[in-house]
Amino acid sequence: MSASHVEAYIIPETPVTAPGDKLLVSIVAATSKSVTASISWHRGLLASVELKPGAREYVVEISAPRTPGSYELVLKVEGSVLDRARFRVVDAFNSVTRRLALVWHHHQAPNYLPSGLYHALWAFIHTCSEELAPYSKGPYYHHAVVLEKYREYRCTYNLSPSLLAQWVELIERGVKHNGGLLEPSSPCGEIVRKTLQMYRDAAARGQIDVLTSMYAHSIAGYLIEHLGAEDIVKEEVEYGAEITRRVVGVEPRGAWTPEMAFHMKLVDIYSDIGIEYTVLDNKCHLERSVGDRGSHLEPYVVKGEKGSLLVFFRDHEISNALSFKNSFRSEIHAVRSAYEIALKIAEKLIAGGTLVVALDGENWMIFSQKPPLTAPFYEKLVSLLLACQRLGYLELAILRDLVKRADARRKLTHVPTASWLCGFAKWHGEVRDHTIYWERAKRLYAAVKEYESKHGRDEVSKKARWALWHALDSDYWWAEFWNPRVIDAWLQVVEELLKPAKLKSH
């Protein structure tokens, strides 16, 4: 049998170790015949292992070199190299402070029409479906299960307010959709209830920080830049914070900026509401900012006209590797890939600092070529990071605690209007009709403002604004998921509400 018929990988128990320490190294392999594998490194042969039929794990113990540096292990079968895995020997773990903040953005558009009928059930499908079977259910549920299983694991979540609102509606009243009624007492209703409670419990014990955000998933920076709609953005953030407070039972201090669509006017909007911190991108925001700019491994104070905001800049490279390089061939390939991410994280933190990795909590899983394999990948990544924490190499931190400890000496006077993609073409430009719809939205927003200048804020304008929130949700404008039907439905509400007022004024 040739080595091409063997799938095998090397996975050290941790990507970092101290000089001379014992290090356990696993060989995970799948083979249909017995075959001999060898592990070697710079000093020569380390061990030979007989791989037996089936999917198995074999463990060998080595002594790490006494000289700090990067070392490579090589796995061979029948003379062919099947895998190479690096690890680092690091001296004086406690000589610098290393913190890792993982931030997961759980988001869903408000997937219902003005009638209240749901046009999509993603808030529930990604919770109670069998998307990750046989390992788990939906991504929202699986994240919560991992929190329950690994209590030492600490991270930050944005449970978007429109997602929370949809969960609560199912739990309390049920939801109507084209296929009928999804009842609170249905199996899905029970799983959603359990999932929400697990997040509440994790927040209550301080295991997670919960960020709020705008109610709908809108590109705030672009709404400010293109529509001049600071008031829309502010009222949506206020409403979102109220939902987070009521549903999760926490006082939100941080906000997720949807699509990281930033504008400098957000500093004062957030500050006025009591929001103290957010997350942006190191490539699209920090590298183009103005002020005392240094590494992205530290927080920054961004000064507005009146207030200020603490900004953590995520690592663009690692965040996007998690988001988009997650198509695994097999379960053993998935756990091997988790080791590579853990190693990247460990190496970024060699010199110390605070590393922020931030991305969608569900899309990286469901858009994988084999979604179920993201479940063992995620659990292996968590276990490897916890191993680094137990060694004293790094601390898994939540943003709320980092804000308390932050000694942000660096200050920025300007952060560019940009998204995590560095621009806004995905929402305005890549689809032929984008401009037509944006101009329509702009006219209707102006019409609402004109109505309010004559009549003040009343029930008509409140309903019109509510409809605009939904029409402007960025998920409906994203090029690959462009949904003019839903945008139309909500913009028509605004038009119908303002039509009688227009007739009266004439």
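Key figures for this structure:
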quantity: Selected residue [in contact (Cβ under 8 Å) with a residue 40 or more places away in the chain, out of contact with any Lys or Arg (no Cβ under 6 Å at 6 or more places or on another chain), crowded, with 22+ Cβ neighbours inside 10 Å and of a type in the set (G, A, S)] from A346, A358; calculated: A346
quantity: When residues of the stretch 347-361 are limited to those that are in a loop (DSSP other than H, G, I, E, B) and of a type in the set (A, V, I, L, M, F, W, C), the one nearest to H106 (Cα to Cα); calculated: L349
quantity: Qualifying positions in the stretch 244-274 - more than 19 Å from the chain's Cα centre (by Cα) and either of a type in the set (A, V, I, L, M) or under 19 Å from I219 (Cβ atoms) (or both); calculated: V247, V250, H263, M264, K265, L266, V267, D268, I269, Y270, I273
quantity: Within the stretch 277-339, strands (runs of 3 or more DSSP E) holding 2 or more residues that are among the aromatic types (F, W, Y) and in contact (Cβ under 8 Å) with a residue 24 or more places away in the chain; calculated: 308-314
quantity: Exclusive hit being surrounded by fewer than 19 Cβ atoms within 10 Å (Cβ to Cβ), in the same structural domain as H105 (by TED's automatic domain parsing) and of a type in the set (G, A, S), set G240, G304; calculated: G304
quantity: Helices (runs of 4 or more DSSP H) enclosed by the stretch 159-264 - at least 2 residues per element that are within 20 Å of D473 (Cα to Cα); calculated: 161-172, 230-248
quantity: Any strands (runs of 3 or more DSSP E) falling wholly within the stretch 15-132 and containing at least 1 residues that are closer than 30 Å to P258 by Cα; calculated: 98-106
quantity: The stretch 464-494, subset of a type in the set (D, E, K, R) and surrounded by fewer than 16 Cβ atoms within 10 Å (Cβ to Cβ), residue nearest to H106 (Cα to Cα); calculated: E480
quantity: Qualifying positions in the stretch 478-491 - assigned to a helix (DSSP H, G or I) and either free of Cβ contacts under 8 Å to residues at least 60 places away in the same chain or of a type in the set (K, R) (or both); calculated: A479, E480, F481, P484, R485, I487, D488, L491
quantity: Residue ID - farthest from L355 (Cα to Cα), chosen from residues in the stretch 83-99 that are among the hydrophobic types (A, V, I, L, M, F, W, C) and at pLDDT 95 or above; calculated: A85
quantity: Residue that is surrounded by the most Cβ atoms within 10 Å (Cβ to Cβ), among those in the stretch 361-401 that are touching a Leu at 6+ places or on another chain (Cβ under 8 Å) and of a type in the set (A, V, I, L, M); calculated: L399
quantity: Residue under evaluation N326, criteria (1) surrounded by 17 or more Cβ atoms within 10 Å (Cβ to Cβ); (2) touching a strand residue (DSSP E or B) at 6+ places or on another chain (Cβ under 9 Å), criterion not met; calculated: (2)
quantity: Residue check for Y135: surrounded by fewer than 24 Cβ atoms within 10 Å (Cβ to Cβ) and either without any contact (Cβ under 8 Å) to a residue 12 or more places away in the chain or in a helix (DSSP H, G or I) (or both); calculated: no
quantity: Residue that is in contact with a helix residue (DSSP H, G or I) (Cβ under 9 Å, 6 or more places away or on another chain) and either closer than 30 Å to Y153 by Cα or of a type in the set (A, V, I, L, M, F, W, C) (or both), where the choices are E242, E230, E235; calculated: E242
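The values are calculated or read from the model by the stated rules, or taken from the named source; none is laboratory data. Everything numeric in this text was worked out from a predicted model, so none of it was measured. No Cβ is skipped: glycine too gets one built from the backbone with ideal geometry, and neighbour counts run over all protein chains shown.
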